[in-house]
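**Q** Next up is a structure, given as structure tokens.
The values are calculated or read from the model by the stated rules, or taken from the named source; none is laboratory data. The shown structure was predicted, so the numbers you read here are calculated from the model rather than taken from an experiment. Methodologically, a virtual Cβ is constructed for each residue, glycine included, from the backbone with ideal geometry; neighbour enumeration extends over all protein chains shown.
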Amino acid sequence: MPPSQAPDNGPDARQFHAGTDQPADLPADPADDRRALRRDLLARRAALPGRAASDAAIDHALGPLLERLGIRKLGFYWPIQQEFDARGTVARWLGAMPGRVAALPVVSAPGTPLDFHLWTPDTMMRAGHYGIPVPDGTEAVTPDALLIPCVGFSANKFRLGYGGGFYDRTLAALAGLGATPIAIGIGFGACEIPLVAQAHDLPMDWLVTEAGVR
């Protein structure tokens, strides 16, 4: 599927259109607060000026980080909703040394950890859950690092995602197998926010924005 057909809806995009009004006598639901925050951050990201320069700066910072960490099996993501498109960075990383592999996430069912299936720039793609392209029939692999898109993030590297919990479940499941991957969050500086971590939230090991690596 060509990049121009990449869908503009994430796993929990349906939440962005849910009503959030409540009777005045009920306490505010923290989940509603997070949904409103996601909507604000997605609108903020969509309106960012100078995206070409910001994307180039993220690419410039991410490539050397991948080299420095000595990653061999890299899981990443198909870009949606104006996320940084890491495919070019990953393709160059793949081609720089034999034995490296990259993989994209596949949702087998809601509420389950992600599976990762091998990807190259030539891989045939099909529409997966939520319409997001996934590799068509390639082998599953366990990544030793993950590039994880951030809707928002905090100064201490906690991430706000789309609300489905897929990456939190995946990181926890891999940790339970003794295969904890390096978690590399990808975001934009304008989407840094104060964020109260919830019990299931896991911090990123690294965070890459247009300002560099933290």
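**Q** Pairs under 9 Å by beta carbon, first residue under 16 Å from Leu147 (Cβ atoms) in region 191-209, partner among the hydroxyl-bearing types (Ser, Thr, Tyr) and assigned to a loop (DSSP other than H, G, I, E, B), six or more apart or different chains?
**A** Cβ pairs passing all conditions: Pro203/Ser154.
**Q** I need a count of the residues in region 96-112 that are part of a loop (DSSP other than H, G, I, E, B) and modelled with pLDDT of 95 or more.
**A** 5
**Q** Which condition number does Thr112 fail, the rest of (1) hydroxyl-bearing (Ser, Thr, Tyr); (2) surrounded by fewer than 18 Cβ atoms within 10 Å (Cβ to Cβ); (3) in contact with a strand residue (DSSP E or B) (Cβ under 6 Å, 6 or more places away or on another chain) being met?
**A** (3)
**Q** A further question on this structure: If a residue has to be surrounded by 15 or more Cβ atoms within 10 Å (Cβ to Cβ) and not basic (Lys, Arg) to count, how many in region 92-109 make the cut?
**A** 9
**Q** Are any residues in region 113-130 in a strand (DSSP E or B) and small (Gly, Ala, Ser), and if so, which ones?
**A** Once the filter is applied, which keeps residues that are in a strand (DSSP E or B) and small (Gly, Ala, Ser), region 113-130 yields only Ala127.
**Q** Also, quick follow-up: Check off (1) part of a loop (DSSP other than H, G, I, E, B); (2) free of Cβ contacts under 8 Å to residues at least 40 places away in the same chain for Arg39 and give me the number that stays unchecked.
**A** (1)
**Q** For Trp119, all conditions in the list (1) buried (at least 16 other Cβ atoms within 10 Å of the Cβ); (2) in contact with a helix residue (DSSP H, G or I) (Cβ under 7 Å, 6 or more places away or on another chain); (3) over 17 Å from Gly165 (Cα atoms) hold save one; what is the number of the exception?
**A** (2)
**Q** Please indicate, with yes or no, whether at least one residue in region 203-213 is within 21 Å of Ala53 (Cα to Cα), buried (at least 20 other Cβ atoms within 10 Å of the Cβ), more than 12 Å from the chain's Cα centre (by Cα) and among the acidic types (Asp, Glu).
**A** For region 203-213, residues within 21 Å of Ala53 (Cα to Cα), buried (at least 20 other Cβ atoms within 10 Å of the Cβ), more than 12 Å from the chain's Cα centre (by Cα) and among the acidic types (Asp, Glu): present.
**Q** When region 50-71 is examined, which residues are found to be small (Gly, Ala, Ser), surrounded by fewer than 15 Cβ atoms within 10 Å (Cβ to Cβ) and in contact (Cβ under 8 Å) with a residue 12 or more places away in the chain?
**A** Ala53
For every residue, the table says whether it meets (1) charged (D, E, K, R); (2) touching a Phe, Trp or Tyr at 6+ places or on another chain (Cβ under 7 Å).
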{"position": "Met125", "(1), (2)": "no, no"}
{"position": "Tyr130", "(1), (2)": "no, no"}
{"position": "Pro133", "(1), (2)": "no, yes"}
{"position": "Asp144", "(1), (2)": "yes, no"}
{"position": "Leu174", "(1), (2)": "no, no"}
{"position": "Ile186", "(1), (2)": "no, yes"}
{"position": "Glu192", "(1), (2)": "yes, yes"}
